[in-house]
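Participant: My questions all concern the structure below.
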Amino acid sequence: MKNFRDSEHLLRFAFLFAMVLALFLIVRHFVVPKSFGEYGHYRGAAIGETAARPIHFAGQSACATCHTDIAATKQAGMHAGVHCEACHGPLAKHAADPASVQPPKLDTAVLCVRCHAASAAKPKNFPQVAAAEHSGGLVCETCHHPHSPAIQSEGAK
Amino acid sequence: MGGVEGYMYPNEINLYWSVLIVVYPYVTGLVAGAFILASLVRIFNVKEVAPTYRLALLTALAFLIVAPLPLLLHLGHPERCFEMYFTPHDTSAMAMFGYVYIWYLMAVLLFEIWLDFRHDIILTARSSKGLKRAFYVLLSLGSNNTSEHSLAVDERAGWIVTLIGIPSAFLLHGYVGFIFGSIKANPWWSSPLMPVVFIFSAMVSGIALVLLVYMFTTRARHREIDMPCVDTIARYLLYIFIIDFVMEMLDLVHRIYVADESFRSINFMVHTKLYFSQIVLQIYIGTLVPLILLGIVQVTRLSPSLRKAIYALSAALIEIAVVSMRWNVVIGGQLFSKSFLGYTTYKIGLITHEGLFMAVFLTLLPLAFLWVLVKILPPWPELKRGMNRVASVTMP
């Protein structure tokens, strides 16, 4: 008994330690989302929430059902691999109801350099230009047709 | 692009790990080092060092409290740090470290300090009134037993805690080296010697710091500096510093000898951008000078006042060496391109949240904490009321 009385204070510290641990577990219980770890190291419910979000992109094949001509032009040119909405932005609403939802106008001075600005980090064979020098201050559209950008005919300049 | 020479990948141009990531391993290193000094007394029975025992523990605590701050300030979302505790990823060394930190704080440092000061806390509580009394009763966790046997229990438990504490301190700081050492994409960091070098430099910096703090506080309190004590600390400092230096040189020689594809790049850096911080500050001024000074003390008989001056100077230089070592590792590792074709420049901010002022502030902040801790729990050797573990210290 005497032994216990003299080491009882160690239990006090152990109790403090246990309290901190208990507090941690209680807080953890409340702040960690219920579905955490359901499938992996993330919140399982996130999948459902993401799936429930509205769709913003219609997809190129949807555009092509109405804009047949442009789709064909593009398909024949150098931008064949670049999908409509990569430039025009998400247009699911427009595709669903073209009469009331007008796509915003694009500014080629900003749009084209997003992909074509020269950078040493891009693959060598990707077409890239130092925009300011190359365009001489004109917007890209003056010389390049966005849907078929390669310049073939002499009249293009 | 400003500050870039040659070819950098786009993601290498700006440094992500700023000066705060330099402060962080420095501060944690001081914790580990101070604790190792304390363990010299407890475990290795180096009696001469006893006057610094409690001071070393409080120093370790003050720096440990500040240690996470540079990391938190570096984060874009510091409030998310708790997620590391709540939902740790078991493959992440950083996540595991959160627990090492808490373990070290709660189970080792706080417990050991509490055990060592319990007697004093109870005596202070008994001799004071009102709020102060309530505060000390709270600190004592309500324990009020000062019998010989209970103090012996403290002593025994403290010994065990220190025994567990030594590997914990190594883990705490070895981890920092481990993180750097295991970044295999970066040849400047990726080295299994990294944790070892970090631990030894940590011990050196922590011991030097406690030496400085001890000499300064003793001076400030108009007491005599205990010469056998500082002599012994300086001797251990020298030994450990030699090991540290040898380890770092081993790393260097190994790099030079292996001379892998990164060597040209690293070699160039050490001779240009890192020349001042690595060669001049870290090796010449911060390492060779104190090694020679401390070595001279060992082989000659100098007067106490000269020895004290040498110790203070050496300890200060050693701190410079360790800070520059952290700088060279953290910043140096981000200055060159993985393509080995280019170099960037680190532009340190002044009053930004990751700037120079913040770094200096965070390095000095622990001293403010230490000041408070010392007010609450005076660690001075002449006040040690409990069992007189220290034979050489007599009561005033």
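The values are calculated or read from the model by the stated rules, or taken from the named source; none is laboratory data. These figures come from a predicted structure and were not determined experimentally. Cβ sites come from the backbone with ideal geometry, for glycine too, and all protein chains shown count toward neighbours. Accessible surface areas use protein heavy atoms only, side chains included; no ligands, DNA or RNA. Shrake-Rupley method; radii C 1.70, N 1.55, O 1.52, S 1.80 Å.
Participant: Can you tell me the dipole magnitude for the protein assembly as shown around its Cα centre, using point charges on the Cβ only (Lys, Arg +1; Asp, Glu -1), in Debye to the nearest 20?
Facilitator: On the way: 42 positive and 34 negative charges, 319 e Å.
So the magnitude is around 1520 debye.
Participant: Computed FRET efficiency, Cβ-Cβ of A:Val82 and A:Ala22, R0 51 Å: what is it to the nearest 0.05? Display every interim value, and only then the final one.
Facilitator: Values: r = 58 Å, r/R0 = 1.14.
Efficiency, from the Cβ-Cβ distance: 0.30.
Participant: Taking the Cα centre of chain A as origin, work out the dipole magnitude from +1 charges on Lys and Arg Cβ and -1 charges on Asp and Glu Cβ, in debye rounded to 20.
Facilitator: Dipole magnitude for chain A comes out near 720 debye.
Participant: Something else about it: Mind checking which aspartates and glutamates have their C-alpha under 14 Å from B:Lys375, skipping anything on the same chain fewer than 8 residues away?
Facilitator: Qualifying aspartates and glutamates at Cα under 14 Å: B:Asp120.
Participant: Continuing with the same structure: Could you list the trypsin sites (Lys or Arg not before Pro) in region B:167-256 that lie in coil according to DSSP, counting only those with at most 11 other Cβ atoms within 10 Å of their Cβ? Before the final figure, lay out the partial values.
Facilitator: Working: sites: B:Lys184, B:Arg219, B:Arg221, B:Arg223, B:Arg235, B:Arg255; in loops: B:Lys184, B:Arg221, B:Arg223.
Qualifying residues, ordered by number: B:Lys184, B:Arg221.
Participant: Starting from 0.36 nm per residue, how many nanometres of slack lie between A:Ala117 and A:Ala99 once their C-alpha separation is accounted for? Could you put the intermediate results ahead of the total?
Facilitator: Working: separation 18, 0.36 × 18 = 6.48 nm, distance 3.50 nm.
Here the answer is 3.0 nm.
Participant: Calculate the spin-label point distance for B:Asp90 paired with B:Trp371, positioning each point 7 Å from the Cα along the beta-carbon direction, and give it in nanometres.
Facilitator: With each label placed 7 Å out from Cα toward Cβ, I get 4.7 nm.
Participant: Over the protein assembly as shown, average the accessible area per residue using a 1.4 Å probe and give it in Å², no decimals.
Facilitator: 53
Participant: So if I average 1/r over every pair of distinct C-alpha atoms in the protein assembly as shown and take the inverse, what Kirkwood radius in Å does that give?
Facilitator: Numbers: mean 1/r = 0.0353 Å⁻¹.
Averaging 1/r across every pair of different Cα atoms and inverting gives 28.3 Å.
Participant: Next up: Tell me, how many Å apart are the Cα centres for region B:281-323 and for region A:60-82?
Facilitator: One Cα centre to the other: 76 Å.
Participant: Turning to a different aspect of this structure: Quick one: which bits of region B:95-112 get at least 30 Å² less accessible when the partner protein chains are in, versus the chain alone, with a 1.4 Å probe?
Facilitator: The answer is B:Met106, B:Phe111 - residues whose exposure falls by at least 30 Å² when every protein chain is included.
Participant: When the Kirkwood radius is taken over all Cα pairs of region A:105-157, what Stokes-Einstein diffusion coefficient follows at 10 °C and 1.306 mPa s, in µm²/s? Mind showing how you got there, number by number?
Facilitator: Values: Rh = 11.9 Å.
Translational diffusion coefficient: 133 µm²/s.
Participant: Right, another one. Output the pairs from A:Lys93/A:Lys122; A:Lys34/B:Lys184; B:Lys184/B:Lys347; A:Lys122/B:Lys184; B:Lys132/B:Lys308; A:Lys74/A:Lys105 with a Cα-Cα distance over 29 Å in this structure; if there are none, say none. Please report the intermediate quantities before stating the final value.
Facilitator: Working: A:Lys93/A:Lys122 34 Å; A:Lys34/B:Lys184 36 Å; B:Lys184/B:Lys347 25 Å; A:Lys122/B:Lys184 25 Å; B:Lys132/B:Lys308 38 Å; A:Lys74/A:Lys105 18 Å.
Long pairs (Cα-Cα over 29 Å): A:Lys93/A:Lys122; A:Lys34/B:Lys184; B:Lys132/B:Lys308.
Participant: In square nanometres, what is one fourth of the surface area of the convex hull spanned by the alpha carbons of region A:8-52? Mind showing how you got there, number by number?
Facilitator: Details: hull surface 15.3 nm².
That works out to 3.8 nm².
Participant: Expressed as a whole percentage, what fraction of the accessible surface of the protein assembly as shown belongs to carbon and sulfur atoms when a 1.4 Å probe is rolled over the protein heavy atoms?
Facilitator: Details: 20260 of 29390 Å².
Carbon and sulfur: 69 percent of the exposed surface of the protein assembly as shown.
Participant: Shifting gears a bit: Give the share of C-alpha pairs in each 10 angstrom bin for chain B, from 0 to the last occupied bin, in whole percents, shortest bins first.
Facilitator: 5, 21, 30, 24, 13, 5, 1, 0
Participant: Using only the Cα atoms of region A:55-104, what semi-axes does the equivalent ellipsoid have when each is the square root of 5 times a gyration tensor eigenvalue? Give whole Å, largest first. Walk me through the numbers before you get to the answer.
Facilitator: Numbers: eigenvalues 72, 26, 15 Å².
So the three semi-axes of region A:55-104 are 19, 11, 9 Å.
Participant: What length, rounded to one decimal in nm, is gained on full extension from B:Ala220 through to B:Ala134, with 0.36 nm per residue of separation minus their alpha-carbon distance? Could the numbers behind the result be given before it?
Facilitator: Numbers: separation 86, 0.36 × 86 = 30.96 nm, distance 2.99 nm.
Full extension from B:Ala220 to B:Ala134 adds 28.0 nm.
Participant: Something else about it: Which helices pass in chain B if a helix is a full DSSP H run, must span at least 18 angstrom along its long axis by Cα, and must have mean Kyte-Doolittle hydropathy not below 0.0?
Facilitator: Details: long enough: B:20-42 (33 Å, 1.84); B:53-66 (20 Å, 2.10); B:111-127 (24 Å, 0.20); B:148-181 (48 Å, 0.89); B:193-220 (40 Å, 1.92); B:227-258 (46 Å, 1.18); B:304-330 (39 Å, 0.98); B:356-376 (31 Å, 2.40).
TM-like helix candidates: B:20-42, B:53-66, B:111-127, B:148-181, B:193-220, B:227-258, B:304-330, B:356-376.
Participant: What does the structure give for A:6-17 when I average, per residue, the other chain Cβ atoms found within 10 Å of the residue Cβ? Before the final figure, lay out each step's value.
Facilitator: Numbers: counts 9, 8, 4, 14, 9, 2, 6, 10, 1, 1, 5, 4.
What the average comes to for A:6-17 is 6.
Participant: Further question: Roughly how far apart, in whole Å, are the Cα centres of region B:141-158 and region B:73-121?
Facilitator: Distance between centres, Cα-based: 26 Å.
Participant: Give the residue from B:Asn11, B:Ser190, B:Ile376 lying farthest towards the positive end of the charge dipole for the protein assembly as shown; charges sit on Cβ (+1 for Lys and Arg, -1 for Asp and Glu) and the dipole is referred to the Cα centre.
Facilitator: Positive-end residue among those listed: B:Ile376.
Participant: Which residue, chosen from A:Thr68, A:Ala109, A:His9, occupies the Cα position most advanced towards the positive end of the dipole of region A:1-137, where the dipole is computed from +1 (Lys, Arg) and -1 (Asp, Glu) charges on Cβ about the Cα centre?
Facilitator: A:His9
Participant: Still on this structure, I have one more. Where does region B:274-395 land on Rg/Rh, using Cα atoms and the Kirkwood Rh? Don't jump to the answer; show the numbers that get you there.
Facilitator: Details: Rg = 20.6 Å, Rh = 18.4 Å.
Over the Cα atoms of region B:274-395, Rg/Rh equals 1.12.
Participant: Let me have the 222 nm mean residue ellipticity of chain A computed from DSSP H runs of 4+ only, each contributing -39500 (n - 2.57), with the sum over all residues rounded to the nearest 500. Walk me through the numbers before you get to the answer.
Facilitator: Numbers: 8 runs with 78 residues, N = 157.
Roughly -14500 deg cm²/dmol at 222 nm, from the helical runs in chain A.
Participant: To the nearest 100 Å², how much accessible surface do chains B and A hide from each other in total, with a 1.4 Å probe? Before the final figure, lay out the partial values.
Facilitator: Details: alone 18760 and 12560 Å², together 29390 Å².
Counting protein atoms only, the buried area is about 1900 Å².
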